[in-house]
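As structure tokens, the structure follows; a few thoughts come after it.
The values are calculated or read from the model by the stated rules, or taken from the named source; none is laboratory data. Treat the numbers as computed from the prediction; the structure is a model and nothing was measured. Counting neighbours? That spans all protein chains shown, and the Cβs are built from the backbone with ideal geometry, glycine included.
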Amino acid sequence: MTVYSHSRLSCFEQCPYKYKLSYIDKVETEIPESIEAFLGNRVHEVLQKLYEDLKFQKQNSHEDLKKYLHEIWEKNWDDSIVIVKKEYTKDNYLKMAEKFIADYYNRYHPFDQGRTIVLEDRILITLDSEGDYKLQGYIDRLVESCDGFYEIHDYKTNARLPLPSEIKSDRQLALYMIGVKSNYPDVKGVKLIWHFLAFDKEIDSTRSDDELEALKKETIALIDKIESEEKFVAKTSFLCDWCEYKPVCKQWVHLYKIKEMPESKYLSEPGVKLVNRYAELKEKKKKFVDEVESELEEIEKALFSFAEKEKVDVVFGNENKVRIKETETVKFPSKSSKEREKLEKLLKENGIWKEVDQLDTAALNKLLNENIIDKELVGEINKFIKLEKSKRVYLSKI
Ligand code: SF4
């Protein structure tokens, strides 16, 4: 069976059609790499040089690394590299790479945290006891921190810092962990370490044996799905802008066709005409709805004043009537506010955290309404609560 990789699996998850073009049809594209990939490759090369030289007891200064970055940047640069974000230039990205290296250098100099075992090394991962399901990957740097404790280091140049939940469910390094555990028999523990270079941040995690077993099962199921796939549906998303197959992708054919046309022909092309008219009508509809909603709001305010002045709850028109109902809503402090933290602390200290299911405000409100919380505590909780009055109008036939 095919030896898979994390990027191969991710390609299928992102867009099965892209997977087909890339791995099955092996379509050659003329579009070169994106600037993000180019920057990532150069930064990886600089860090690889740093640790490779250290193995030979050669310590590069920050200036040496910066010089090396400039050398490989120019040597590999190709004017056809794609910069999707048109507001930035090649120099902006070079400066970013310089900053990543400078921050990394300052944070880890003199680079004596653990012993580097391998750099940019291929690791083979077997997912089942029969050895039918295999993956391969490249570990940026494998380190032995102390006897039998390994660290898998991965450098990321992403412009976005992932959420803790994303780190906990990251598949790539967890798969490498399976490989390290079976390839190094002395392993006592493995730490997964991501270096988010754009944020000068190191994030650590690990996986339990149960989690690794579950991951093996999920990955095998995904490989089975890929192996039996027949449709390879194209999934368009914002990621298409970074897809090297966009010019040959069936979903983007129309764009490339009209791009070739002179403006006179282009504007009368049936697809272009339909989309332009559709967009125009949608815009018109939005404007109309906004206008109606704003007038409705004004009329509601006027109705509230009228009803208050006349001391009535119902106001009559020709054939319709409007009933005004005032309601009170209980408002708890918003999530991540200081007040919210204090309320959560109070509930935990008083043993009713479980009942409100990690502060499910609806559940807490229910408990308060059922009068089953101690009166003194109710008083304490009430300090966090605000009552918000609101009015609604109900329109009906007379
Ligand atoms: S351009 Fe988009 S839809 Fe087409 S193959 Fe690439 S990712 Fe898939």
**OP:** Go over the candidates 291, 326, 295 one by one and state the one that is loosely packed, with under 13 Cβ neighbours inside 10 Å, in contact (Cβ under 8 Å) with a residue 60 or more places away in the chain and away from the ligand (no atom under 16 Å from the Cβ).
**Re:** 326
Subject >> Exclusive hit being at pLDDT below 95 and away from the ligand (no atom under 16 Å from the Cβ), set 81, 72 >> reply: 81
Original post:
Could you list, in sequence order, the residues of segment 201-214 that are under 20 Å from the mean Cα position of the chain (by Cα) and among the hydrophobic types (A, V, I, L, M, F, W, C)?
Top reply: 203
**OP:** Determine if segment 168-187 includes at least one residue that is among the β-branched types (Val, Ile, Thr), touching a strand residue (DSSP E or B) at 6+ places or on another chain (Cβ under 9 Å) and within 16 Å of the ligand (Cβ to nearest atom).
**Re:** no
Original post:
From 13, 28, which residue is closer than 27 Å to residue 223 by Cβ, at pLDDT below 95 and charged (D, E, K, R)?
Top reply: 28
Original post:
What is the one condition in (1) among the hydrophobic types (A, V, I, L, M, F, W, C); (2) at pLDDT below 95; (3) over 30 Å from residue 59 (Cα atoms) that residue 117 does not satisfy?
Top reply: (3)
**OP:** Starting from segment 149-177, take each residue that is in a loop (DSSP other than H, G, I, E, B) and list its partners that are aliphatic (A, V, I, L, M), counting only C-beta distances under 7 angstrom and pairs at least six apart or across chains.
**Re:** 157/39; 157/43; 157/197; 157/198; 158/198; 159/198; 171/215
**OP:** Could you identify the single residue in 105, 93, 68, 88 that is of a type in the set (Phe, Trp, Tyr), part of a loop (DSSP other than H, G, I, E, B) and out of contact with any strand residue (DSSP E or B) (no Cβ under 9 Å at 6 or more places or on another chain)?
**Re:** 88
Original post:
Could you say whether any residue in segment 67-74 is among the basic types (Lys, Arg), over 25 Å from residue 174 (Cβ atoms) and touching a helix residue (DSSP H, G or I) at 6+ places or on another chain (Cβ under 9 Å)?
Top reply: no
Subject >> Checking residue 257 against (1) more than 16 Å from the ligand (Cβ to nearest atom); (2) more than 32 Å from the chain's Cα centre (by Cα), the condition it does not meet >> reply: (1)
Original post:
Is there any pair linking a residue in segment 8-26 that is free of Cβ contacts under 8 Å to residues at least 24 places away in the same chain to one that is near the ligand (Cβ under 8 Å from one of its atoms), with Cβ under 8 Å and at least six apart or on different chains, and which?
Top reply: 11/18
**OP:** Residues being within 10 Å of the ligand (Cβ to nearest atom) and among the aromatic types (Phe, Trp, Tyr): count how many of those fall in segment 1-33.
**Re:** 2
**OP:** Report, by residue number, each residue of segment 144-153 that is surrounded by fewer than 20 Cβ atoms within 10 Å (Cβ to Cβ) and closer than 23 Å to residue 52 by Cβ.
**Re:** 144, 145, 146, 149
Original post:
Quick one: residue 58 ticks every box in (1) under 20 Å from residue 10 (Cβ atoms); (2) surrounded by fewer than 18 Cβ atoms within 10 Å (Cβ to Cβ) bar one, so which box is it?
Top reply: (1)
Subject >> From 264, 237, residue being more than 19 Å from residue 26 (Cα to Cα) and either in contact with a strand residue (DSSP E or B) (Cβ under 9 Å, 6 or more places away or on another chain) or within 11 Å of the ligand (Cβ to nearest atom) (or both) >> reply: 237
Original post:
Does any residue of segment 239-251 turn out to be touching a residue at least 40 places away in the same chain (Cβ under 8 Å), outside any helix (DSSP H, G or I), farther than 30 Å from residue 99 by Cβ and under 23 Å from the mean Cα position of the chain (by Cα)?
Top reply: yes
Original post:
Taking residue 143, is it over 15 Å from residue 194 (Cβ atoms) and either β-branched (Val, Ile, Thr) or touching a residue at least 60 places away in the same chain (Cβ under 8 Å) (or both)?
Top reply: no
Original post:
Within segment 1-39, which residues are assigned to a strand (DSSP E or B) and farther than 15 Å from residue 239 by Cα?
Top reply: 3, 4, 5
Original post:
Taking into account only those residues within segment 252-288 that are of a type in the set (A, V, I, L, M) and touching a residue at least 12 places away in the same chain (Cβ under 8 Å), which is nearest to residue 7 (Cα to Cα)?
Top reply: 258
